[in-house]
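Colleague: Got a structure for you, written out below as C-alpha cells; questions coming shortly.
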Amino acid sequence: MVQKHIVEARGIHKHFGPLHVLKGVDLQVDERELVFVIGPSGSGKSTLLRCLNRLEEPSSGSVVVDGIDMLDPKTDINHARQRIGMVFQSFNLYPHMTALGNVTLALRKVAGKSRAEADTLARKALERVGLADRADHTPGQLSGGQQQRVAIARSIALEPRVMLFDEPTSALDPELVGSVLEVMRSLRETGMTMIVVSHEMGFARNAADRVVFMDDGLIVEQGPPAAIFENPAHERTRAFIGQIQRH
Amino acid sequence: MIQTFFNLDIIVAAWPIVMSGLWNTILLSLIVVPLGLFGGLILALLASIRHPLVRWPLMAWVDFFRAFPPLVLLVLLFAGLPFAGLELGGFACVAIAFFLNTGSYYGEIFRAGIDSVPNGQVEAARSTGLSRMQAMRYVVLPQAVRNVLPDLLSNTLEVVKLTSLGSVVAVPELLYEARQAQSLTYNPTPIVMAAVIYFLILWPLVRLLSRLENRALAGRR
Ligand SMILES: Nc1ncnc2c1ncn2[C@@H]1O[C@H](COP(=O)(O)OP(=O)(O)O)[C@@H](O)[C@H]1O
Ligand SMILES: [Mg+2]
C-alpha cells in the first residue's frame, strides 16, 4: 500500500485580483514530517499555508488534510480546522483574555469541553510550552516569546494532526527566539507533523526533514536540508541562500 | 429674584409632578438606550458582512437617519402616521424615532470599534475552528466595545438629553411635567428644578466619560 500523505495539496493557484500569487503549487507532507518552507518575501509562502486551512480560498487546486477534502463545500470547515493548528508571526493572542482563556476558548466553544475539562487541558498545554505559571497573565503581561508559546499552546490543546507555523520567530527579539524554537523542537519530538515557514537556518538544519524553496508563486526545488543549503540545484535557490547566510 | 426662580412653596407644590417626570425620563432612557444599542449592534454586524448588496443599502440607511433631525423625525411620526391610519401615541413614537436615529449613531460607533480590531484576531479564532459568529462574539466584540467605550458613553449622554424631545409629543417626561407645573403655578421655578435635575443625573456620566477618555489617552501613549 502506498503511504498516505497527511497533507496533500495539488495544483494550488491563488489570484488576488490581477495578482497571480500561487502558480500551481504541489505539496505533500508525510505524517511526522517537518517541512521547512523558505523563499523571498512575497513569494507566496504565507498564502500557501493559509490555503491549507482555508483561511484563504484557493482559486483552483485541491487540498486534502488528514483525509478531509478542505475545499469541498460539504466539509464542516470549523471542525476540520481544529485538526490543523496555526501559529502566526504576530502571535494574535486575544488581549482581553488571560493565557488560560486564550487556550480554553476553542476547547469550550468548538471542541465542546466543559469549563473544568477545558481548564485541565489548557493547563496541560501551557505546561508543555513551559508556561504553567503564567496561566492567569494577560498577553500584555507576557514577553513576545511567552506570547508565542501561549499561541502554540492554544493550537496544540486542540490536539491537531498538523501544525502550520508562519514565521513564528520573526517578530521576536533575538534573545527570545530560542525559547520558541525549543518548544517547536519538543513538539517535533512528540511526532507532530509540522510545516514551518521560517528563515531560522540553524533550526532547519537540525530539525527539518525537508526544505522547500519557493519563489514567485512556485516551488523551485526541495530536498533534505543539507542538499538545499550546501548544494542547491537552481541559481535562484543559491542566490537566496547566499543572501540569508550573509545576514 | 429668588422668589421668582427658586420659590420654596412652589418647589414643594411641584415636587410630586416633577418627580413623576423624572421617573418617566429615567424609564424612557432605560428603554431608548438599550433599544439604540441593540439597533446599532445589528447595523454594525450587518456592516461586517462586506457584501455590496448589504453594504450600500446599510450606508444609505445610516446616513439618512443621521442626517435627519431627530425632532423632525419624531414630529413626522407623531403627526404623520395617523394619516396613514397608524395611531401610535407619543411614547411609541419616541421609541421608534430613537431606534432609527440613535441606533444609526450607535451603529457607526460599533462599526468603528469592530474595524479597530486587527484582522489577525479573527484569523487566529477561525484557525482554531471558531465560526464567523463565534469569532465575532467572543473575540472581536469584547475588544471592539472596549475600544469605543468613551464614544458609546458620550452618545448615551446625548441620548439621555434627547429624551426631553418627548415633551413635544406629550410624553410626560421631566421637561414636559416641569412645563405643566409651570403653567399651573405661573412660575418658572419648576423649569429650574428640571434643569437642576438634568444636571444632577448627567454630571456623573460626564465625569465618568472624562475619566474614560483620559484613560484611553494614557493607554494610547
Ligand atoms: N489578502 C491579499 N490581498 C492582496 N494581495 C495579497 C494578499 N495577501 C497576500 N497578497 C500578495 O501576495 C503575494 C504573496 O504574499 P505572501 O503569501 O504573504 O508572501 P510571503 O509570505 O512569501 O512573503 C504578495 O505580493 C502579497 O502582496
Ligand atoms: Mg509571509
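Colleague: If we scan segment B:138-148, do we find a residue that is crowded, with 16+ Cβ neighbours inside 10 Å, more than 12 Å from chain A (Cβ to nearest Cβ) and not charged (D, E, K, R)?
Modeller: Checked segment B:138-148: at least one residue is crowded, with 16+ Cβ neighbours inside 10 Å, more than 12 Å from chain A (Cβ to nearest Cβ) and not charged (D, E, K, R).
Colleague: Which of the residues belonging to segment B:21-47 are touching a Lys or Arg at 6+ places or on another chain (Cβ under 8 Å) and small (Gly, Ala, Ser)?
Modeller: Step one: list which residues in segment B:21-47 are touching a Lys or Arg at 6+ places or on another chain (Cβ under 8 Å), which gives B:43-44, B:47.
B:Ala44, B:Ala47 - these are the residues of segment B:21-47 that are touching a Lys or Arg at 6+ places or on another chain (Cβ under 8 Å) and small (Gly, Ala, Ser).
Colleague: A follow-up question, please. Residues to consider are A:Ala153, A:Ala106, A:Ala116, A:Ala111; find the one that is touching a helix residue (DSSP H, G or I) at 6+ places or on another chain (Cβ under 6 Å) and away from ligand 1 (no atom under 16 Å from the Cβ). Working first, answer last.
Modeller: Working: A:Ala106 fails: touching a helix residue (DSSP H, G or I) at 6+ places or on another chain (Cβ under 6 Å); A:Ala116 fails: touching a helix residue (DSSP H, G or I) at 6+ places or on another chain (Cβ under 6 Å); A:Ala111 fails: touching a helix residue (DSSP H, G or I) at 6+ places or on another chain (Cβ under 6 Å).
So the residue among A:Ala153, A:Ala106, A:Ala116, A:Ala111 that is touching a helix residue (DSSP H, G or I) at 6+ places or on another chain (Cβ under 6 Å) and away from ligand 1 (no atom under 16 Å from the Cβ) is A:Ala153.
Colleague: If you go through segment A:16-47 one residue at a time, how many are out of contact with any strand residue (DSSP E or B) (no Cβ under 6 Å at 6 or more places or on another chain) and within 21 Å of A:Ile77 (Cβ to Cβ)?
Modeller: Count: 1.
Colleague: Condition (residue is surrounded by fewer than 22 Cβ atoms within 10 Å (Cβ to Cβ) and among the small types (Gly, Ala, Ser)) applied to segment A:157-176: is it met by at least one residue?
Modeller: Yes, the conditions are met somewhere in segment A:157-176.
Colleague: Where residues in segment A:80-110 are more than 18 Å from the chain's Cα centre (by Cα) and open to solvent by 40 Å² or more (accessible area, probe 1.4 Å), which of them is farthest from the other protein chains (Cβ to nearest Cβ)?
Modeller: Among them, the one singled out is A:Thr98.
Colleague: Turning to a different aspect of this structure: Give the residue that is farthest from the other protein chains (Cβ to nearest Cβ), with candidates limited to residues of segment A:51-76 that are open to solvent by 30 Å² or more (accessible area, probe 1.4 Å), touching a residue at least 12 places away in the same chain (Cβ under 8 Å) and outside any loop (DSSP other than H, G, I, E, B).
Modeller: Top of the filtered list is A:Ser60.
Colleague: I would also like to ask the following. Considering each residue of segment A:22-46, count those that are open to solvent by 20 Å² or more (accessible area, probe 1.4 Å) and within 16 Å of ligand 2 (Cβ to nearest atom), and give that number.
Modeller: Final tally of qualifying residues: 4.
The values are calculated or read from the model by the stated rules, or taken from the named source; none is laboratory data. None of the values given here were measured: they were computed from a predicted structure. Methodologically, a virtual Cβ is constructed for each residue, glycine included, from the backbone with ideal geometry; neighbour enumeration extends over all protein chains shown. Ligands, DNA and RNA are stripped out before the accessible areas are found, and what is left, the full protein with its side chains, is counted by its heavy atoms. Shrake-Rupley method; radii C 1.70, N 1.55, O 1.52, S 1.80 Å.
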